[in-house]
Every structure is written in C-alpha cells, then in structure tokens.
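Take a look at the structure below.
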Amino acid sequence: MQSILRTAALRVARPSRAFVARPSAVPLYRSTQIRTLVTKRYTTDHEAVVFDDATGVGIVSITDYAQSSLGDVVFVELPSLGTEVGQGDQIGAVESVKAASDIYAPVSGSVEEINETLSTEPGLLNKSPEEKGWLCKIKLSDPAELEELLTEEAYKAHCEA
Amino acid sequence: MALPPVFYHFFRPPLPYLPAWNLQDTLHRLQLQLRKSAEHKDLLLLLQHRPVYTAGRRQTDPELDSERIRLTALGADFVASSRGGQLTYHGPGQIVGYPLLDLSRYSPIMGTRDYVCRMQKTLELHLKEAHGLTLSPSEHTGVFLDPRTKIASIGVQVRHRLTSHGFAMNVTHEPRAWFDQIVACGLDDVKAGSIESATGKTVTVEDEIPGLVQRFGRLYEREMLPLDLSQANSTTEAILALEQEALEMAPSAKAPLK
C-alpha cells in the first residue's frame, strides 16, 4: 500500500519565490541577478513539471485538464520524502468521486519536498492544480528526460485530440 | 459503433476477494502490455463475492486493525483495497461489476468523473427500468432509494487510463445483516437496501445480469459480447483458473456468525 503523508524530520530550506512558472524557456532574473532557466513540460498522463536548472529541482503537479476530469478531490496520496523515483513510476494517487487515480513521476530523481497543505486542503488540486496544489518537488537525476516530455503547445494539441 | 466491443463474463461461483483482485491486476497488466499493439480487450467482469469487508485506499492501517479483528470473527474476510471510497461489504446476493476499460479509446479521452457518472447512471437506469424503483438523488456517489437507504456503491481505480474495481448492487436481502455490522461508506445513519426489499419480489443475481449488461453497453456506447472462454489465451486462462479455485472452496457463511 502506498505510504501516506508523514511529517518530515528534516526539510530543506528554500528561498521563497513569488514568480509564476512560464510555459516556455524564458530567462528570469532572481534577486541575486543570476540568469536562470525555468522550463515547463507536460506528460500524456496530464502531469506537469516546472524545472529550474539553477537548483536542478522540478515541481510536479497535475494539470488543470486533469483536475477537471477528475471531479472534486477528497484525498491526495503523496510519496515519502527521499523516495527515489524513476520516470513513469507511480508516485501517489488522487481520490475523487470514489475513484482513486494513480499519478506518475514525469521525471526520475529523489523526492525533496511534498505539499503538506494537501492533507488538510485536498481541494487545492481543483482550485489551483498547477500552482498552490503542487504535489511534490523532485531533484532530477537526469534533466535530459525533460526533452522527452510535451511542450505546452504539444500538450494542448494532445488534450484536443 | 466505431469502438470495439466490451467482452463480459459472469462468474457462477461466488469468488474470494483477494484472488479476484489479483485477477484484476493480472488482466490490467495484460491490457497495459497489449495496448502497445492495440490488441488489448475491454472487459466487464460480473460476479458475487464470498463474504468480505473491504476498506478503501485512504483508510490507514491503524484505523482498520480493530475492525479487522471484529469483522473476521463474523465469518467474513477483510481486505484493504486500492480503490477509492471507504469501508463496505460484498457477499452473496449482491452483484459486483468490475469494468476493465481503456478510457483512452474514447475520443476525447473519458475522464474519471465521466466514467464514474456513467457507471452510476447504468445502475440507476437498471433499477428504474427493470424494477420501476424510484431513486433519491444524492450528493454522495452511489445509488440511494431514499436519503437513508443505499442500494448500490461505486469504488474504482484508474491507472494509465485503465480502470479496475467498479460497482456493487444489492439484489437480495442477504447482504443486509452483514452491512448492519458496519458503518458503510462513512455514512453513519444509512442502511443497505436491496431490490428484493424494495420491490417485495423474489429476485436472483443471475436474472439481473442480462439487463444490466445491456444497459452498461448503452451508457458506455459499446456493443457487449460474451467473452468466449473456449479461446485459449492469457485472459481466458486467468479467468478459468479463478473460477475453478472458487468452485473448490467450501460454502461460505450465510449470515454473520454471532
């Protein structure tokens, strides 16, 4: 049985960022005036990952399309911190209308952080699936995997197909 | 209809829960594999279970330990499953349906909510058309005769757009005594209804199958064909093996042991 949310004994401190993830690779300026590249990619299973090449970390979420087809989310099952995942591995599930839909890792790496708010506010997945309802942050073991995923244009086409 | 048919099979002997779940997993893996060459088949398994209480995915082990002990003492099995939903009962007198469908066959892909909605409509339509029952609309997933009487439940799992688990509908009065031992589906003052109790007619699970299959086909817009078990392949072999296993088991308890 997939493990459920647990309080982390150790959590990595991160500077808070107020930027909105951009869909294409556009250089953004951080307060320390260093150029970073933020890339957003999508999977055919309707997960999204926002990757920051300065930190090597990808923020994983489901897409707005996914949440609308699921219905009201009542429970979110997330991986344990430190879990090593391979691209395509099951990393959790979302429960809605008595349906448990499995979610899969869009990239390989280790789980650095999970969104603890989802345990008390699973509805965030419906209200803000790609921002406040983020699922987990993965430290990518192979950033090249991002190239295999869909760009925003390709993902939109996939949804409309 | 552009989409291929759904192949259905009704198991004659009541099935033990865990082996039936393993069968679903086996068939799921087969579908995943065969989907690469578009050779996979969509299935609808119809059956009864031997008495079993099952918990849903979000119910954690510590919560369930005391329930497990209490309920197995009644003569039922107890299993924590991978489906959505909460604690419920399955047993003789109740039709259980496991549609194993590939949602990505539909264009656009059928979403989870739509899938569950059609399942609920199938059950509602069957109860209305075949038995003239009036149903009570509810915010809760499932089918209610009135706000305090639930006659059918739904609990599904979706992996890679392939579905498993499904629905359960009470046909005879037999499940009621077992349901009375628990708070099912997290709904405190709700009791289990059945077609037999609601209509006063003598009904059997077997008699319900053809109508239910036909209505499933209507709601999912698919032709329904019986699975040909004389064809030897991994799917039919797995199904026949489980049926044989179930046939060899001793009869289960007819009522909760007290």
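The values are calculated or read from the model by the stated rules, or taken from the named source; none is laboratory data. Everything numeric here is computed off the predicted structure, so don't read it as measured data. Neighbour counts run over all protein chains shown; Cβ positions are idealised from the backbone, glycine included. When the accessible area is computed, the model is the full protein with side chains, heavy atoms only, and any ligands, DNA or RNA have been set aside. Shrake-Rupley method; radii C 1.70, N 1.55, O 1.52, S 1.80 Å.
Some values worked out for this structure:
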| item | result |
| --- | --- |
| Dipole of the range A:33-161, positive direction: furthest Cα of A:Leu37, A:Pro79, A:Val107, with charges on the beta-carbon | A:Leu37 |
| Projected area averaged over orientations for the range B:1-96, convex hull of C-alpha atoms, nm² | 7.8 |
| Axial C-alpha extent at least 15 Å, average Kyte-Doolittle at least -1.0 - helices from chain B (DSSP) | B:17-35, B:112-131, B:205-220, B:234-247 |
| Percent of alpha-carbon pairs separated by more than 19 Å within the range A:33-136 | 38 |
| Highest to lowest packing among B:129-142, A:98-111, scored as the average C-beta count within 10 Å | A:98-111, B:129-142 |
| Spatially proximal lysines relative to A:Lys156 (Cα-Cα < 19 Å; intrachain offsets below 8 disregarded) | A:Lys40 |
| Cα centroid separation - the range B:2-68 against the range B:101-122, whole Å | 17 |
| Average partner coverage of A:89-97, which counts Cβ from other chains inside 10 Å | 4 |
| Fraction of the pair-distance distribution of the range B:210-257 above 17 Å, Cα-Cα pairs, percent | 61 |
| Structure-based [θ]222 nm, chain B - -39500 (n - 2.57) summed over DSSP H runs of at least 4, per residue, nearest 500 | -11000 deg cm²/dmol |
| Convex hull projection area averaged over all views, chain B, Cα basis, nm² | 13.7 |
| Accessible-area composition of the protein assembly as shown, carbon plus sulfur, in percent [1.4 Å probe] | 52 |
| When the convex hull of its Cα atoms is projected in every direction, mean area for the range A:112-161 (nm²) | 4.7 |
| Shape parameters for the range B:45-91, alpha-carbon atoms, Rg then Dmax in Å | 10.7, 32 |
| Rg/Rg_globular for the range B:79-206, with Rg_globular taken as 2.2 N^0.38 Å and Rg from C-alpha atoms | 1.05 |
| Buried accessible area, chains A and B (both chains, 1.4 Å probe, Å² to nearest 100) | 2100 |
| Cα gyration tensor of the range B:136-219 - equivalent ellipsoid semi-axes, whole Å, descending | 22, 19, 12 |
| Whichever lysines have a C-alpha closer than 27 Å to that of B:Lys254, once near sequence neighbours (fewer than 8 apart) are set aside | B:Lys150, B:Lys191, B:Lys201 |
